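Notes to accompany the following structure.
Read the figures in this text as sums done on the coordinates, not as results from a lab. The model shown is predicted, which means the values in this text are computed figures rather than measured ones. We place every Cβ from the backbone using ideal geometry, glycine too, and count neighbours over all the protein chains shown.
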Amino acid sequence: MSVERDKIYPDCPTFIRTVKVGGLTKSQLLKKLQKHSILMNKFGEMLFADDKFTISDTIYSVRAVELKVRNLGFPEGATIPQLFKKANQAGLKLCPIELGPHLRLEYLDQSEGNSGKPIRRHRAHYGSITIASEILSEDVGFPKGFYLRRICGVLWLRGYVADYLHVLDPDDHFVFCLNENLN
């Protein structure tokens, strides 16, 4: 057991990014993703195209905090509802759903993460970063949010599906937003 790895937020390793969000239409945002050769899986495309995925007309900034599931007090993992509740108790909040594409555009130097590691099925892949955002539909087949990944040098904005019973790995990386206004 590593003392550093079992530290709890805010006394744990985090990565904080300030990201500008909003100010583009869906079409403009999609073109910007394509310009940077960012790909989407079918769940990412489904989420992006849905009317529930909305984008602010106004540009605003958020402070995004990346940490591991274990750093919110879950050394054995947690379900999404457990993780979101604990993050809220720790002073973090869910990110706006539109942060996913904007964070992908800001984080162009993401590492592969899975080099030399086995492929994981029905789990977050090594090196992936999930954006904690409001779940837009309880339908099990509808994407719950976005995650970022780099595969063989290609950047991805991917959507994911999971039910409320799915247990996240303690080393899965999530992004929450700091509870502050930046404008």
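Observations, loosely collected:
- Crossing angle, helix 26-35 versus the chain [Cα axis fit, 0-90 degrees, rounded to tens]: 80 degrees
- Each peptide in 159-172, 99-112 gets a packing score, the mean of other Cβ atoms within 10 Å over its residues, and the list from highest to lowest is 99-112, 159-172.
- A cut-off of 5 Å between modelled amide H atoms, ignoring neighbours fewer than 5 places along the same chain, links THR79 with LEU168.
- In the chain, the DSSP-assigned H stretches of four residues or longer account for a calculated mean residue ellipticity at 222 nm of -5500 deg cm²/dmol, using -39500 (n - 2.57) per stretch and the full residue count as denominator.
- Cβ crowding within 10 Å averaged over residues, with 30-40, 44-54 ranked highest first: 44-54, 30-40
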